[in-house]
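*Asks:* For reference, the structure I am asking about is given below.
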Amino acid sequence: MGYGFITMTINTGSNRADLATPTTQPQGITTALLLALGLLSAVAPFATDLYLPAFPEMTSELQTSATTVQLTLTAFLVGVTAGQLVFGPLSDRFGRVPPLIAGAALCVLASVVAVLAPNVTVLIVARLLQGLGGAAGMVIGRAVISDLATGKPAARAFSLMMIVSGVAPVVAPLLGGLLTGPIGWRGLLTIVLGLAVLMLVTVLAVIRETHLRSHRDAQRAARSASSSPLAALRSRTFLGYTAVFGFAFAVMMAYISASPFLYQDMLGLGTVGYGLAFGLNALALMGVSVLSAKLTECRSVTGVLSLGIVLVLASTVAFALLVVTAAPVFLLAVPLFTAVGSLGLVLGNATALALGAVPSAAGSASAVLGALQFGLAALVSPLVSIGGSSTAAPLAIVMVAAAVVAVVALLVARDRRAARAE
């Protein structure tokens, strides 16, 4: 992608100083590590979407109902959410690598069972365990970056990692649609198995321990001296930036959930046109993520994040106004494009600021971040379809509401002294 060899840095001072002062000590976030962490974070999203086009075939072959087949997806999402809450704190206690290996191994075993599942009940259980194990890569991958970098270097790393992990939810449904006929749903789940194996190999070959025992002991002693072992997670800064990330992601999930009926039913695009429109917005997100990484080299992280949030809010308000005024439907694609693209300035930077606020509990903090992400995604997805496929009003309401909450959360989270220092 033209980035060459990426080297991140750590500032050993306070978190606020991290965000305000350029770092100079070279550290180990290389291109190889960044690609590896991107792969780890992409396995679960890819496994979520790849087999969706095969649902009708699964209903027939497994002799069950569409609702029961849908439970295989629900079980996977429950597993991903629970897995982040399990593996995040475990990585704070035992280091990053042992829980990563355990999670990857569980994902491989569950993937084998899913491919060979004789009935839908076994498949549901396998998908639950698959999501549980796959979540380790997502939650611990963020913690690894937080161990190695804070402030601007971390923001650049998270933004660049999004380029790798952001491809998965775009490619997966398109690839699934192309391969369902030739290889069937078991073939698609075999691809997921291959990714799980690659995840395990990557952990063993590339990932090295970043949360050393000496650090864990020191942090454990500091937490035991406080009133609560998770007191750091109650900080206004962490909760604020976590809410910024979660509700900004909710804007994107609302768009993704409503995009099929919006582009196909309302705008009249076919499946190919829908795929192109969806892919164009995804390219905007990835392109702006690259821009975000460049901007943080010469601008403050909070400044770039603030710009992104303002653009997201402006785009969602513009979308709502077009819906209210019954403007020509093709115009709706414009603010959606800018809203999704602007999230590239938000998601990576909000992640860096949230995890940077609690360096003593990065794994647990990453778990809370991921749980909120998937929890809000599960909440907004059904809301956007309340009005049916003939109106975009529910989508407009959800997107504006989520954007407004993200703005309020940013105002709550920002430390004025750190912002002035930046």
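*Asks:* Out of ALA377, ALA362, I need the residue that is assigned to a helix (DSSP H, G or I) and under 12 Å from the mean Cα position of the chain (by Cα). Which one? Before the answer, list the steps.
*Replies:* On the way: ALA362 fails: under 12 Å from the mean Cα position of the chain (by Cα).
None of the other options fit; the residue is ALA377.
*Asks:* Counting only residues that are open to solvent by less than 20 Å² (accessible area, probe 1.4 Å) and either at pLDDT below 80 or more than 30 Å from ILE140 (Cβ to Cβ) (or both), how many does the stretch 367-379 have?
*Replies:* Matching residues across the stretch 367-379 total 1.
*Asks:* Any idea which of (1) in a helix (DSSP H, G or I); (2) open to solvent by less than 40 Å² (accessible area, probe 1.4 Å) is the one ALA327 doesn't satisfy?
*Replies:* (1)
*Asks:* Just give me the residues in the stretch 376-414 being farther than 22 Å from ALA326 by Cβ and among the hydroxyl-bearing types (Ser, Thr, Tyr), in sequence order.
*Replies:* SER381
*Asks:* Shifting gears a bit: Does the stretch 131-156 hold any residues that are touching a Pro at 6+ places or on another chain (Cβ under 7 Å) and within 10 Å of GLN84 (Cβ to Cβ), and which are they?
*Replies:* Hits for the stretch 131-156 are ALA136, ILE140.
*Asks:* Among the helices (runs of 4 or more DSSP H) lying completely within the stretch 89-203, list those that include at least 1 residues that are modelled with pLDDT under 85 and open to solvent by 10 Å² or more (accessible area, probe 1.4 Å). First the steps, then the outcome.
*Replies:* Numbers: elements: 97-116, 120-148, 151-165.
Fully inside the stretch 89-203 and qualifying: 120-148, 151-165.
*Asks:* Would you mention how many residues in the stretch 240-271 are surrounded by fewer than 16 Cβ atoms within 10 Å (Cβ to Cβ) and either in contact with a Lys or Arg (Cβ under 7 Å, 6 or more places away or on another chain) or among the β-branched types (Val, Ile, Thr) (or both)?
*Replies:* Final tally of qualifying residues: 1.
*Asks:* Quick one: in the stretch 380-393, of everything that is part of a loop (DSSP other than H, G, I, E, B) and at pLDDT 75 or above, which residue is most open to solvent (accessible area, probe 1.4 Å)?
*Replies:* At the first step, the residues of the stretch 380-393 found to be part of a loop (DSSP other than H, G, I, E, B) are 384-392.
If we keep only those that are at pLDDT 75 or above as well, we get 384, 386, 391-392.
Working: VAL384: 1, ILE386: 126, THR391: 42, ALA392: 3 Å².
Among those residues, the one meeting the criterion is ILE386.
*Asks:* Go through the stretch 272-302 and count every residue that is assigned to a helix (DSSP H, G or I), open to solvent by 30 Å² or more (accessible area, probe 1.4 Å), touching a residue at least 24 places away in the same chain (Cβ under 8 Å) and not hydrophobic (A, V, I, L, M, F, W, C).
*Replies:* The total comes to 1.
*Asks:* Taking into account only those residues within the stretch 56-68 that are open to solvent by 20 Å² or more (accessible area, probe 1.4 Å) and in contact (Cβ under 8 Å) with a residue 40 or more places away in the chain, which is farthest from LEU123 (Cα to Cα)? Please lay out each step first, then the result.
*Replies:* First pass over the stretch 56-68, keeping only residues open to solvent by 20 Å² or more (accessible area, probe 1.4 Å): 56-57, 59-68.
Next cut, in contact (Cβ under 8 Å) with a residue 40 or more places away in the chain only: 57, 61-62, 64, 68.
Working: GLU57: 14, GLU61: 13, LEU62: 10, THR64: 12, THR68: 10 Å.
If we take residues in the stretch 56-68 being open to solvent by 20 Å² or more (accessible area, probe 1.4 Å) and in contact (Cβ under 8 Å) with a residue 40 or more places away in the chain, then GLU57 is farthest from LEU123 (Cα to Cα).
*Asks:* Now for a separate question. Looking at the stretch 350-363, is at least one residue under 30 Å from ASP147 (Cα atoms) and open to solvent by 30 Å² or more (accessible area, probe 1.4 Å)? Outline the logic, then answer.
*Replies:* We begin by selecting, within the stretch 350-363, every residue under 30 Å from ASP147 (Cα atoms); these are 350-363.
Of the ones still in play, those that are also open to solvent by 30 Å² or more (accessible area, probe 1.4 Å) are 359-360.
For the stretch 350-363, residues under 30 Å from ASP147 (Cα atoms) and open to solvent by 30 Å² or more (accessible area, probe 1.4 Å): present.
The values are calculated or read from the model by the stated rules, or taken from the named source; none is laboratory data. Everything quoted here is computed from the prediction, not taken from an experiment. Reconstructed Cβ throughout: ideal geometry from the backbone, glycine too, with neighbour counts over all protein chains shown. Just the protein is used for accessible areas: all its heavy atoms, side chains included, with ligands, DNA and RNA removed. Shrake-Rupley method; radii C 1.70, N 1.55, O 1.52, S 1.80 Å.
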